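**Q** The structure that follows is given in the form of structure tokens.
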Amino acid sequence: MSHKEEFTLKINGETKVFLAHPMERLLDTIRSDENLTGTKEGCGEGECGACSVLVNGKLVNSCLIPISQVASSEIETIEGVANSESLAPIQKSFLENGGAQCGFCTPGMVLAAISLLRDNPAPNLEEVKTALSGNLCRCTGYKKIFESTLICSQMEDQQ
Ligand code: FES
Ligand code: FES
């Protein structure tokens, strides 16, 4: 087992220093070290998207990423999406349009939707489906999630 090393990450705008093994999963850094438990562990194998976060703006599965690979990066988790006053438009849209169905998949779905809308503010349904294809729902289905993302894309202030 390698020795622990210091890694600096910016998480939701705050610079943090971690003493960790280089292969520690980013998911564990976020959940266990930072206590940001909105990021979920589902499969632990890169298949479900429950652990999705944004690293330098890119959607990743944090269960597959060692902390050493994201040293000095900017990490956005679900906790950083809302500001202190209100939910982000995508969160409001999920709430109002039935996209927030369970606490397990929703954080990852919201981050996947944010990633899409930053790149493509006016996606069509197929583009939404593709963008969220790495995020699995095991229960209620995707219709409301896709609709919530599309409705958000039609809001004036979508982010
Ligand atoms: S827990 Fe990371 S993809 Fe499923
Ligand atoms: S797994 Fe969350 S709504 Fe299906």
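The values are calculated or read from the model by the stated rules, or taken from the named source; none is laboratory data. Everything quoted here is computed from the prediction, not taken from an experiment. Backbone-built Cβ (ideal geometry, glycine too); neighbour counts: all protein chains shown. These area figures cover heavy atoms from the full protein model, side chains too; ligands, DNA and RNA do not enter into them. Shrake-Rupley method; radii C 1.70, N 1.55, O 1.52, S 1.80 Å.
**Q** Using Cα pairs closer than 8 Å and at least 6 residues apart in sequence, work out the relative contact order for the chain, in percent. Present the calculation step by step, with values, prior to reporting the outcome.
**A** On the way: 286 pairs, mean separation 36.2, N = 159.
Relative contact order comes out at 23 percent.
**Q** Given that compact globular proteins tend to follow 2.2 N^0.38 Å, what is the ratio of the alpha-carbon Rg of segment 89-153 to that value? Mind dumping the intermediate values first?
**A** Numbers: Rg = 10.2 Å, N = 65, 2.2 N^0.38 = 10.7 Å.
Normalised Rg, Cα atoms only: 0.94.
**Q** Continuing with this model, one more query. On full extension of the chain, what length is gained from Asn56 through Glu14, given 0.36 nm per residue of separation minus the C-alpha to C-alpha distance? Please list the in-between numbers first.
**A** Values: separation 42, 0.36 × 42 = 15.12 nm, distance 1.37 nm.
Stretched fully, the Asn56-Glu14 segment lengthens by 13.7 nm.
**Q** Enter the mean projected area of the convex hull around the alpha-carbon atoms of the chain, in nm², rounded to one decimal. If you can, show how the numbers build up before the last one.
**A** Details: hull surface 36.0 nm².
Averaged projected area of the chain's Cα convex hull equals 9.0 nm².
**Q** Next question, about the same structure. Pull up all non-local amide H partners of Ile11: gap of 5 or more, or a different chain, and H-to-H distance under 5 Å with H placed in the peptide plane.
**A** Lys16, Ile75
**Q** Still on this structure, please answer the following. Each residue of segment 137-150 in turn: what ³J(HN,Hα) in whole Hz from Karplus with 6.51, -1.76, 1.60 and θ = phi - 60°, glycine and Pro shown as x?
**A** 10, 9, 10, 8, x, 9, 3, 5, 5, 5, 4, 4, 5, 5
**Q** Just to confirm the filter: which GluC sites (Glu not before Pro) across segment 66-115 are DSSP coil and have at most 13 other Cβ within 10 angstrom of their Cβ?
**A** On the way: sites: Glu74, Glu76, Glu79, Glu85, Glu96; in loops: Glu85.
Here the GluC sites (Glu not before Pro) that fit, given the DSSP loop and packing criteria, are Glu85.
**Q** Against the 2.2 N^0.38 Å scaling, with N counting residues, where does segment 1-60 land? I'd like the Cα-based Rg ratio to two decimal places. Write down the numbers at each step before the final one.
**A** Numbers: Rg = 11.9 Å, N = 60, 2.2 N^0.38 = 10.4 Å.
For segment 1-60, the normalised Cα radius of gyration is 1.14.
**Q** In segment 89-153, carbon and sulfur make up what percent of the accessible area (probe 1.4 Å)?
**A** It is 57 percent, rounded to a whole number.
**Q** Find the accessible area per residue for the chain; the probe is 1.4 Å, ligands and nucleic acids are left out, and the unit is Å². Intermediate results must be reported in sequence, preceding the final value.
**A** On the way: 8280 Å² over 159 residues.
Accessible area per residue: 52 Å².
**Q** In percent, how large is the relative contact order of segment 89-153, given Cα pairs closer than 8 Å and 6 or more residues apart? Could the numbers behind the result be given before it?
**A** Values: 65 pairs, mean separation 33.0, N = 65.
Over segment 89-153, the number comes to 51 percent.
**Q** Considering only protein heavy atoms, what is the solvent-accessible area of Lys16 at a probe of 1.4 Å, reported in Å² to the nearest 10?
**A** 60 Å²
**Q** Related question: Ignoring everything except DSSP H segments at least 4 long, calculate the 222 nm mean residue ellipticity for the chain; use -39,500 (n - 2.57) per segment, divide by total residues, nearest 500.
**A** Values: 4 runs with 40 residues, N = 159.
Result for the chain: -7500 deg cm²/dmol, rounded to the nearest 500.
**Q** On a full-extension model of 0.36 nm per residue, what is the gain between Glu126 and Ser72, subtracting their alpha-carbon distance, rounded to one decimal in nm?
**A** 16.0 nm
**Q** Past 23 Å, Cα to Cα: identify those pairs from Lys4/Lys58; Lys40/Lys92; Lys10/Lys144; Lys10/Lys143; Lys16/Lys92, in the order given.
**A** Numbers: Lys4/Lys58 26 Å; Lys40/Lys92 20 Å; Lys10/Lys144 33 Å; Lys10/Lys143 34 Å; Lys16/Lys92 29 Å.
Among Lys4/Lys58; Lys40/Lys92; Lys10/Lys144; Lys10/Lys143; Lys16/Lys92, the Cα-Cα distance tops 23 Å for Lys4/Lys58; Lys10/Lys144; Lys10/Lys143; Lys16/Lys92.
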